[in-house]
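Only one structure is covered here, and it is reproduced in the block below.
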2 protein chains.
Amino acid sequence: MALLPDLGTEIVIPGNAPPFATSCSPLVHDYLIEEEDGINDHGVVVKCAEIQSAISEGATSFLFTEYQYVGIFMIAFAILIFLFLGSVEGFSTKSQQCTFNKEKLCKPALATAIFSTVSFLLGAFTSVVSGFLGMKIATYANARTTLEARKGVGKAFITAFRSGAVMGFLLAANGLLVLYIAINLFKLYYGDDWEGLFEAITGYGLGGSSMALFGRVGGGIYTKAADVGADLVGKVIADNVGDNVGDIAGMGSDLFGSYAESSCAALVVASISSFGMTHDFTAMCYPLLISSMGILLFLCVCVGLWAGLIIGFVTEYYTSNAYSPVQDVADSCRTGAATNVIFGLALGYKSVIIPIFAIAISIFVSFSFAAMYGIAVAALGMLSTIATGLAIDAYGPISDNAGGIAEMAGMSHRIRERTDALDAAGNTTAAIGKGFAIGSAALVSLALFGAFVSRASISTVDVLTPKVFIGLIVGAMLPYWFSAMTMKSVGSAALKMVEEVRRQFNTIPGLMEGHAKPDYATCVKISTDASIKEMIPPGALVMLTPLIVGIFFGVETLSGVLAGSLVSGVQIAISASNTGGAWDNAKKYIEAGASEHARTLGPKGSEPHKAAVIGDTIGDPLKDTSGPSLNILIKLMAVESLVFAPFFATHGGLLFKL
Amino acid sequence: MALLPDLGTEIVIPGNAPPFATSCSPLVHDYLIEEEDGINDHGVVVKCAEIQSAISEGATSFLFTEYQYVGIFMIAFAILIFLFLGSVEGFSTKSQQCTFNKEKLCKPALATAIFSTVSFLLGAFTSVVSGFLGMKIATYANARTTLEARKGVGKAFITAFRSGAVMGFLLAANGLLVLYIAINLFKLYYGDDWEGLFEAITGYGLGGSSMALFGRVGGGIYTKAADVGADLVGKVIADNVGDNVGDIAGMGSDLFGSYAESSCAALVVASISSFGMTHDFTAMCYPLLISSMGILLFLCVCVGLWAGLIIGFVTEYYTSNAYSPVQDVADSCRTGAATNVIFGLALGYKSVIIPIFAIAISIFVSFSFAAMYGIAVAALGMLSTIATGLAIDAYGPISDNAGGIAEMAGMSHRIRERTDALDAAGNTTAAIGKGFAIGSAALVSLALFGAFVSRASISTVDVLTPKVFIGLIVGAMLPYWFSAMTMKSVGSAALKMVEEVRRQFNTIPGLMEGHAKPDYATCVKISTDASIKEMIPPGALVMLTPLIVGIFFGVETLSGVLAGSLVSGVQIAISASNTGGAWDNAKKYIEAGASEHARTLGPKGSEPHKAAVIGDTIGDPLKDTSGPSLNILIKLMAVESLVFAPFFATHGGLLFKL
């Protein structure tokens, strides 16, 4: 990649390339025949700027609407946290015996309740800020990338990638800063009561993840409904808004959540292990150091990073159209949409195998070195690349939108081809980013799960006790329930959008012939309403399950639910993301027609291409809504259980007490 | 159902029904306007008989080919069982101290090795006989149902249902008889050493299930490849053969396997609990009594039966086109194949929720009453309906084939409509049968898992130890790996079939116009070769995983794998079966056009209908190959682990011993 900037220069070569050019590698050759295109047309710049501000306004307005609704939920939940945790010792203000170091006195449960509530709100707020800033950066980058694409694909790539990098580093720094300040402020009260301090800090992870869940689900539904509208009436502002609120703001909040949770998990596990009792503040902050420096200090970090890379490579292999799996899927389009879907689903299932082995090995190795602390640190290792991860993740939607803007600004076909090339690479980088996110989610959840078990004072989680086993099987069912909800939501929202588009074609005279402008505002409103309304049930399922299970069935069953949803959710998340990515790239493979094989399947509009489009549409909710939200589901349920652990241990398990 | 025979009479009513007929219920009305159709045409009878014998020959020849290959595998595996179990005490012939009752002397491990091997072969043989007899009965019933359809749908229904019932009762009786004889013969050697006796008898379940696995996978691939061929060139013998070897012989072996395993599990658990040490032979045979009588003697049985019925009802609700879920899926075909697939997948995911709760509740209740023994008995309770289950299960393919024969024999359109009506009901009964099979598989596996843990002398299976957790996450991945293999196999076999059909159209002159006969033999050969070749890798995955994990990683990790594959496999199996069933019936709903809503989507060949056909094709491998084989996967791995438990406990866990 480092070579690209030098290649993507403004060298202008006439139509007939000189002999030396053909002797170069195909890559160099491609870049050499690029031309500057409409570089002096000021009208295009103005038009792009207009479109950009429309997208930015749309995205801002949607996010504000979303945050209003989620804000109410957050405040209600904050009150719940305060009441539940405060009730553990009947709102007493007396100091208590510490759980793990019986010789010491710890701060009262009421303090934990107050500080947990504060850090919950802080986490939610930081998550909102992360998502919002990400969206702002991305909308600026969209139009800029389009304009750079006039100078060549190399220039456009650099712009898109650097914008992603700015966003990644900003978000990582932001999350770290807030966490560091919060810990230091809380320390003023807690003193050397590490256990209490880091228990309270866990609320930060919960707040971050809760916001991320709503962001992912709401944004995911919005973007897919808009996408369907765009497929029917051509690129519309709503589609671009959707990409920015779903893929950028949602993902920013998500990765921030992962990062906050794994830091919290490492800190809590450290505080209740021997580290917390003997070591000083600097040693305790080791987890923060790792993530701020991204340096290999320690084997567990290496293991996590190694597993992350394996997952990344496997994901690339299964979703890039440069390798045989996607080409096979494309080839199966020859016999129709049905074989395309069967092969795509099988590809997704198959792509789970190696990542799961990588996760299993990293769990085993890191646990062997430093028990649960090792797992938390391995998760941080995977996330130490968070900035880069965000950068490559953000790159995809930025390129996609650049293409949309080029189309809306009426720029030439050649520019659209360049942004399409960037976008195909973007599908793979997005899938890799999702792979990292899922892998780290698995490790983070396990570490949080370990911390929960310690904090709830459970000694073993024995699968053979019926309490645990029923939890395990119901937990393994939750990702299916959640996916059913989100997929159905996307389907219903898309259906409404299709009906609206049909209505507009029937009632607005001249729309079919392109004389009249479509009514964009109604389309945006349908997307907004659908996503706000439909994000509530899946969100509530995730947020309420740990509470209901903990209160009525107790901590053993809850442990089962966490383990079950973790081991089942990871598989669905990986397979859904990869199936969706593969279908998208199989379609692009046919459209691009870059190889002889691809040309036998194309061109656009051929029967195999139609079959590929069907696969792509099915893949959208899988890869952009269900898949990525599942990884929040498993983390969120674990961190929520951890926050409420003292309450469940004291007052939970009502049904089994009868 | 008891009313149907009286309604489906030969009453002949002229075209204009008299006033009283319209005042009756629609059901009665439908039957009253039926007519006898071509009942005196002897040529049709001869033609049907010819087709029937061709199907019977084809099915017999395929099963013999399949059994030859599987036979080799079985013999190799029998040798493995003998060597592994014999090596536990170094092939010593001395009596040993019993594991659970330390005061007694038990028979040597070598005896267990010999008797386990014998009962393994016996189980495999009984399974083969069950599948083969089922196939024979079904092929006889096919043509007979077609001929009865000339007299009315009621007559045809009775024939199809009674044939299913004959098959069901025969198979249940067969399995029971062999088991009873085997126990009594083994008892001559073992005397009052119940522990050893029932450990050896476990091999019976393993043998039954191994055969069932190959039968389901091989038959499933065969039937689907043939199905695709039939869709292209019209009904062919291969398609009918496929239904008989896959849906009938495979399912017969499968339910026999479940039944044998749950009996064995209950017997083993009983032998190692207090029952076995204090009670007499009659009490020990209680499990056999339950299943032979199908009577409620005991609460756990009620619980199991109740859960089975809940699962049955939920399955019917989600897969019958009389209810809104399937109608919604059909409605989504309006906007194309993509929404149909999204809605269908979401339906399958959603249909998992209630069955899982039912299974969880039945586990909890039956465990609370009698620990693992309660669970085994609950599984038997669910399977006490095995005869009825088989009857309703077999009814579907019999009706389907009756339709095929009617078409090939050139019978009138009206007869085809009658068999189609039977077939639509058959899709739902098949889905209910699968629901029962999956629910009972979950309980059986859990009971076997419990028996394995006891026999391997593990005290707890703690999820929080890395050995168990990595087992859990890898175990949860196995159903995905397995599904990827089977789905890809079906896809590849179908692709080969499509190419062959295209080749025949291009090379056989007059085929396109219907003057020449297609080359059926090559089509049959392609199905046979593909299924024999493709059934080996998934079969090996299931059979070898417990061995590899046990030998290299030990019993704790194997426990994790069993728990993981159980909780994850159940979900995929239920959702795959129901999604497939729903798509199939959504297509039939549109084709039948029985309601005003359905008529807006049809007729055959309309865009919504085309979308529905795509969904149906995708559903085939899900509902007929992956789904049903997954439930064998979870049982088989559990019973295999149980058989090899003493070996793993003694010599296993090589890697962790380093």
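The values are calculated or read from the model by the stated rules, or taken from the named source; none is laboratory data. Note that the coordinates shown come from a computational prediction; the quantities given were computed from them, not determined experimentally. As a convention, Cβ positions derive from the backbone with ideal geometry for all residues, glycine included, and neighbour counts pool all protein chains shown. Surface areas here come from the heavy atoms of the whole protein model, side chains and all, with no ligands, DNA or RNA. Shrake-Rupley method; radii C 1.70, N 1.55, O 1.52, S 1.80 Å.
So that you can scan it fast, the table gives a plain yes or no per residue for (1) within 14 Å of chain B (Cβ to nearest Cβ); (2) within 20 Å of the chain's Cα centre (by Cα); (3) under 30 Å from residue A:450 (Cα atoms); (4) modelled with pLDDT under 85:
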site	(1), (2), (3), (4)
A:323	no, no, no, no
A:342	yes, no, no, no
A:355	yes, yes, yes, no
A:381	no, yes, yes, yes
A:385	no, yes, yes, yes
A:388	no, yes, yes, yes
A:395	no, yes, no, yes
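Does residue A:388 count as assigned to a helix (DSSP H, G or I), polar (S, T, N, Q) and free of Cβ contacts under 8 Å to residues at least 60 places away in the same chain?
On the way: assigned to a helix (DSSP H, G or I): yes; polar (S, T, N, Q): yes; free of Cβ contacts under 8 Å to residues at least 60 places away in the same chain: no.
So residue A:388 fails the test.
Any residue at all in the range A:470-486 that's of a type in the set (A, V, I, L, M, F, W, C), buried (at least 24 other Cβ atoms within 10 Å of the Cβ) and touching a Gly at 6+ places or on another chain (Cβ under 6 Å)?
yes
Quick one: how many residues across the range A:404-424 are touching a residue at least 24 places away in the same chain (Cβ under 8 Å), within 18 Å of residue A:154 (Cβ to Cβ) and part of a helix (DSSP H, G or I)?
10
Table: residues versus (1) within 14 Å of chain A (Cβ to nearest Cβ); (2) buried (at least 24 other Cβ atoms within 10 Å of the Cβ); (3) hydroxyl-bearing (Ser, Thr, Tyr); (4) within 25 Å of the chain's Cα centre (by Cα).
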position	(1), (2), (3), (4)
B:550	no, yes, no, no
B:561	yes, yes, no, yes
B:577	yes, yes, yes, yes
B:591	no, no, no, no
B:599	no, no, no, no
B:602	no, no, no, no
B:618	yes, yes, no, yes
B:627	yes, yes, no, yes
B:645	no, yes, no, no
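If a residue must be part of a helix (DSSP H, G or I) and more than 8 Å from chain A (Cβ to nearest Cβ), how many such residues does the range B:450-466 contain? Walk me through how you get there before you give the answer.
Going residue by residue through the range B:450-466, those that are part of a helix (DSSP H, G or I) are B:450-455, B:466.
Among the residues that remain, those that are also more than 8 Å from chain A (Cβ to nearest Cβ) are: B:451-452, B:454-455.
Result for the range B:450-466: 4.
Would you check which residues across the range B:107-117 are under 12 Å from residue B:203 (Cβ atoms) and surrounded by fewer than 21 Cβ atoms within 10 Å (Cβ to Cβ) and list them?
Kept after step one, since they are under 12 Å from residue B:203 (Cβ atoms), are these residues of the range B:107-117: B:112-117.
Result: B:114, single match.
Pull up the range B:325-334, narrow it to residues that are of a type outside the set (Gly, Ala, Ser) and buried (at least 22 other Cβ atoms within 10 Å of the Cβ), then point me to the one that is farthest from the other protein chains (Cβ to nearest Cβ). Break it down into steps so the answer makes sense when it comes.
Restricting attention to the range B:325-334, the residues satisfying the condition of being of a type outside the set (Gly, Ala, Ser) are B:325-329, B:331, B:333-334.
Filter once more, keeping what is buried (at least 22 other Cβ atoms within 10 Å of the Cβ): B:325-326, B:329, B:331, B:333.
Details: B:325: 11, B:326: 14, B:329: 10, B:331: 9, B:333: 12 Å.
Per the stated criteria, the residue is B:326.
Quick check on the range A:491-508. Is at least one of its residues in a loop (DSSP other than H, G, I, E, B) and open to solvent by 10 Å² or more (accessible area, probe 1.4 Å)? Spell out how you get there, then give the answer.
Of all residues in the range A:491-508, those in a loop (DSSP other than H, G, I, E, B) come to A:508.
Narrowing the set further to residues that are open to solvent by 10 Å² or more (accessible area, probe 1.4 Å) leaves A:508.
Checking the range A:491-508: at least one residue is in a loop (DSSP other than H, G, I, E, B) and open to solvent by 10 Å² or more (accessible area, probe 1.4 Å).
For the range B:208-219, state whether one or more residues are aromatic (Phe, Trp, Tyr) and either touching a Ser or Thr at 6+ places or on another chain (Cβ under 6 Å) or open to solvent by 10 Å² or more (accessible area, probe 1.4 Å) (or both). Full working, then the answer.
Taking the range B:208-219 first, the residues aromatic (Phe, Trp, Tyr) are B:214.
Going one step further and asking which of them are either touching a Ser or Thr at 6+ places or on another chain (Cβ under 6 Å) or open to solvent by 10 Å² or more (accessible area, probe 1.4 Å) (or both), we end up with none.
Checking the range B:208-219: not a single residue is aromatic (Phe, Trp, Tyr) and either touching a Ser or Thr at 6+ places or on another chain (Cβ under 6 Å) or open to solvent by 10 Å² or more (accessible area, probe 1.4 Å) (or both).
Residue pairs, Cβ under 6 Å, 6 or more apart or interchain, first in the range B:57-82 and under 22 Å from residue B:201 (Cα atoms), second among the aromatic types (Phe, Trp, Tyr). List them.
Final answer for the pair search is B:70/B:214; B:78/B:120; B:81/B:120.
Among the residues of the range B:134-146, is there at least one that is at pLDDT 80 or above, in contact with a helix residue (DSSP H, G or I) (Cβ under 6 Å, 6 or more places away or on another chain) and open to solvent by 10 Å² or more (accessible area, probe 1.4 Å)?
First, the residues of the range B:134-146 that are at pLDDT 80 or above: B:134-146.
Among the residues that remain, those that are also in contact with a helix residue (DSSP H, G or I) (Cβ under 6 Å, 6 or more places away or on another chain) are: B:134-135, B:137-139, B:141-146.
Those still in the list that are open to solvent by 10 Å² or more (accessible area, probe 1.4 Å) too: B:137, B:144.
Yes; the residues of the range B:134-146 include at least one that is at pLDDT 80 or above, in contact with a helix residue (DSSP H, G or I) (Cβ under 6 Å, 6 or more places away or on another chain) and open to solvent by 10 Å² or more (accessible area, probe 1.4 Å).
For the range B:300-308, check the following and say yes or no: at least one residue is modelled with pLDDT of 85 or more, open to solvent by less than 10 Å² (accessible area, probe 1.4 Å), more than 10 Å from chain A (Cβ to nearest Cβ) and closer than 30 Å to residue B:589 by Cα.
no
Among the numbered criteria (1) modelled with pLDDT of 90 or more; (2) not in a helix (DSSP H, G or I), which single criterion is violated by residue B:548?
Among (1) modelled with pLDDT of 90 or more; (2) not in a helix (DSSP H, G or I), the lone unmet condition for residue B:548 is (2).
Need the failing condition index for residue B:230 against (1) at pLDDT below 75; (2) part of a loop (DSSP other than H, G, I, E, B); (3) open to solvent by less than 50 Å² (accessible area, probe 1.4 Å), just the number.
(2)
Just checking, which of B:604, B:588 is at pLDDT below 90, touching a helix residue (DSSP H, G or I) at 6+ places or on another chain (Cβ under 8 Å) and part of a helix (DSSP H, G or I)? Please lay out each step first, then the result.
Values: B:604 fails: part of a helix (DSSP H, G or I).
Among B:604, B:588, only B:588 is at pLDDT below 90, touching a helix residue (DSSP H, G or I) at 6+ places or on another chain (Cβ under 8 Å) and part of a helix (DSSP H, G or I).
For residue B:402, state whether it is open to solvent by 10 Å² or more (accessible area, probe 1.4 Å) and either more than 14 Å from every other protein chain (Cβ to nearest Cβ) or at pLDDT below 80 (or both). Walk me through it before giving the result.
Details: open to solvent by 10 Å² or more (accessible area, probe 1.4 Å): no; either more than 14 Å from every other protein chain (Cβ to nearest Cβ) or at pLDDT below 80 (or both): yes.
Against the criterion (open to solvent by 10 Å² or more (accessible area, probe 1.4 Å) and either more than 14 Å from every other protein chain (Cβ to nearest Cβ) or at pLDDT below 80 (or both)), residue B:402 does not qualify.
Report yes if residue A:348 is within 10 Å of chain B (Cβ to nearest Cβ) and not hydroxyl-bearing (Ser, Thr, Tyr), otherwise no. If you could, list the steps in order and put the result at the bottom.
Details: within 10 Å of chain B (Cβ to nearest Cβ): yes; not hydroxyl-bearing (Ser, Thr, Tyr): yes.
For residue A:348, the condition - within 10 Å of chain B (Cβ to nearest Cβ) and not hydroxyl-bearing (Ser, Thr, Tyr) - is met.
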